[in-house]
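*Asks:* Quick one: structure below, then a few questions.
Just so it is clear, none of the values below were taken in a lab; they were calculated from the coordinates. On a predicted model such as this, the values are computed, not experimentally measured, just so you know.
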């Protein structure tokens, strides 16, 4: 689960217009030099109790009533 999604690629590989609506784009201009070309729109993430418990416990340890 995340509140934002970014695509990361070498410069020139992806144009900002090719990135889906709401997603961001970060390009690598040179080794270890990155630039944000388009910021992602952040969304509020709400977890149900069941989902939260499944994220923090080992698989199989949580059994809802």
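*Asks:* If the chain between residue 44 and residue 8 were fully stretched, how many nm would it gain, using 0.36 nm times the residue separation less the Cα-Cα distance?
*Replies:* 10.7 nm
*Asks:* Right, here's the next one. Could you work out the percent of alpha carbon pairs in segment 6-56 separated by over 17 Å, rounded to a whole number?
*Replies:* 49 percent
*Asks:* Based on DSSP, what percent of beta bridges with both residues in segment 6-56 are antiparallel, to the nearest 5?
*Replies:* Details: 5 of 10 bridges.
Here the antiparallel bridges make up roughly 50 percent for segment 6-56.
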